[in-house]
Amino acid sequence: MSNSTPAPTSGLNPLGDELRGARTAKPCALVIFGATGDLTKRKLVPSLMGLAKDGLLPPGFAVVGFARRAWTDASFRAELADGVRQFGRSEAQASFEALAESFTFHQADFADAAGYRELKTKLEQIDRQRGTAGNRVFYLATPPSAYSSILRNLAAAGLSKQGDGRFAHVIVEKPFGRDLQTAVALNDQLREGFYERQVFRIDHYLGKETVQNILALRFSNHIFEPLWNEKFVDHVQLTVAESIGVGSRAGYFEESGIVRDMIQNHLMQVLTLVAMEPPVALTADAVRDEKVKVLRAIRSFKPEEVERATVRAQYTRGSFGGEMVNGYREEEGVSASSVTETYAAVRLHVENWRWAGTPFFLRSGKRLPRRVTEVAIHFKQPPHMLFEGGRSLQPNVLMLRIQPEEGIALRFGAKVPGHDVRIRDVRMDFRFGTAFGGETADAYERLLLDSMLGDSTLFARRDEVEEAWRIVDSIVAGWRQSQAKPTEYVAGTWGPEVANDLLGAGRTWRRP
Ligand code: BG6
């Protein structure tokens, strides 16, 4: 595949001109709650500046940072400039310098109703001065404990109302609840102030180019779809591996564990895109209707089934990149008797006509040898093996590499040149970077743009989030009931040995 694709002549995306201008955001003011936090500095503002650089921000645009700290417009801007310099795409800095005046800071407590009334007045003033046309996007980038106050106060101040051609959207960061019950409560509260179409639940994996490409691969080509089912696919492996440990996030992670942090959202979302039926259109509801059906087709586990269908583990001290790193229970802020899992592998069945009998294996872990996200579709062996030594051949695998080195690869058998007939596995590789060049935009760019355009296709709908929690809750309940401790794996290895048993005879986890 790569051989037939011309290499780009410069670092620019050759399709850039086609893309530009097609989807410019509508005029609006973006209010970021928790604007003094890391997310704003590392992701949100650098991503906004990436959009500005590509000409996708409208002239009528402003950002209001809402937070408790006593910052000023000047200190807010200085902090953001630093963030854009460190984390922005090349040239994003120049965009920030040009737009710095559009960023203002609003100091208020999340629970103080007066702060929202003042915000309303401020936004009206911004509409007059900066042409933001009464449109609002509210971004909840605070710890989840503040969501409730913010939502209540937005509604009370009349800020959640749409009408007269004006929109009010709310973006909710993850974690979206910590189980089904809390997710339902948060959804109920959102519904008190906002209609579902105003709500944008972030799962940043959906903003990744290569995650969206799963749909492009499946539904813009005719050759894969006939094979995409239980008749041809033996099993599917979804891996999100990270080399980092828990770092400074122990407070959050201890309460969450990898199953809530990664599987409930990112892996489940990727799974739905791999397993869904073709949607009738690429509209938000048509796509999400099909995605949620996948989740509905996955049964909740009975507690006694969980042990055989899952593996959970914690990393222990080990050598990583030539250095010794702490085990999870030695990390700062982690209890020495913690049973929080840093690795989980789960076997799921999508019980419908397409997938009956084809297991999906999901795994995610911290402190694995490298950062990689991929989907591997493992096909069945040919029904009859003609070639000698054929049994040692691996079945065909189609790999969708989500990150890094984004691409698609196909493994197949080929004859080794020579007078005898020997077959060996070879690989056909396609790399996005080689074909399209350019810097890949951060996932947040796409998601921020879509939230300003009112396109919720790449955001999780209420029912999707709740279905995913239903499944994850049943896993957590099984673990709790069994009272077994997580098993262990040495930091820098691919997880515990027992994870192989989950796959069943003749299958092994890929070493990405
Ligand atoms: C976040 C998790 O949602 O995703 C983190 O909370 C994780 O624990 C991160 O590190 C991974 O994202 P990415 O884009 O680096 O794969």
Task: Efficiency of FRET between residue 166 and residue 336 - r from beta-carbon atoms, R0 35 angstrom, step 0.05 - done: 0.05
Task: Nearest-0.05 FRET efficiency for residue 133 and residue 107, computed from C-beta distance (R0 22 Å) - done: 0.30
Open item on the list: For a quick check: sort 291, 120 by the number of other beta carbons within 10 angstrom, fewest at the front.
Closed with: 120, 291
Open item on the list: 7 Å from Cα along Cα→Cβ at both residue 125 and residue 277: what's the point-to-point distance in nm?
Closed with: 5.5
- [ ] Show the residues, 5+ positions off or on another chain, whose built amide H is closer than 5 Å to the amide H of residue 460.
- [x] 201, 203
Task: For the stretch 103-256, the Rg and Dmax computed from alpha carbons only, in angstrom - done: 20.6, 62
TODO: Run through the DSSP bridge list for the chain and note the antiparallel percent, rounded to the nearest 5.
DONE: 55
- [ ] Would you mind ranking 428, 49, 262 so that the residue whose beta carbon has the fewest other beta carbons within 10 Å leads the list?
- [x] 428, 262, 49
TODO: Express the relative contact order of the stretch 399-512 as a whole percentage, based on alpha carbon pairs under 8 Å and six or more residues apart in sequence.
DONE: 12
- [ ] Sort 355, 469 so the one with the fewest other Cβ atoms within 10 Å of its own Cβ comes first.
- [x] 355, 469
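Multiply the residue gap between residue 324 and residue 38 by 0.36 nm, knock off their C-alpha separation, and tell me the result in nm, one decimal place.
Working it through step by step, the gained length comes to 100.2 nm.
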Task: Cα gyration tensor, the stretch 74-193 - rounded (a/c under 1.5), prolate or oblate - done: oblate
- [ ] Per residue, how big is the convex hull around the C-alpha atoms of the chain? Give it to me in cubic angstrom, could you?
- [x] 169
Task: For the stretch 376-511: rounded, prolate or oblate by the Cα gyration tensor [a/c cutoff 1.5] - done: oblate
- [ ] Using a cut-off of under 14 Å, list every residue of the stretch 326-340 whose amide N is near the label point 7 Å from the Cα of residue 317 along the Cα-to-beta-carbon line.
- [x] 326-332
- [ ] For residue 73 paired with residue 508, estimate the spin-label separation in nm (one decimal), with each label point 7 Å from Cα along the Cα-to-Cβ line.
- [x] 6.3
Task: Relative contact order computed over the chain (Cα-Cα under 8 Å; 6+ residues apart), in percent - done: 20
Task: Relative contact order, percent, the stretch 250-350 [alpha-carbon distance under 8 Å, six or more residues apart] - done: 35
Open item on the list: Given the DSSP H assignment, sum -39500 (n - 2.57) over each helix run of at least 4 residues in the chain and divide by its residue total; what's the result at 222 nm in deg cm²/dmol, nearest 500?
Closed with: -9500 deg cm²/dmol
Open item on the list: If I stretch the segment between residue 227 and residue 192 completely, what's the gain in nm (0.36 nm per residue apart, minus their alpha carbon distance), one decimal?
Closed with: 8.1 nm
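For residue 300 and residue 351 in one chain, what is 0.36 nm times their gap in residues minus the Cα-Cα distance, to one decimal in nm?
17.2 nm
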Open item on the list: Once you place label points 7 Å from the Cα toward the Cβ at residue 388 and residue 94, how far apart are they in nm?
Closed with: 6.5
TODO: Identify the GluC sites (Glu not before Pro) of the stretch 165-215 meeting these criteria: DSSP loop state and at most 10 other C-beta atoms within 10 Å of the C-beta.
DONE: none
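Read-outs: derived from the displayed coordinates by stated rules, not from any lab. These numbers were taken from a predicted model, which means no experiment stands behind them. Glycine also receives a Cβ, built like all others from the backbone with ideal geometry; neighbour counts cover every protein chain displayed.
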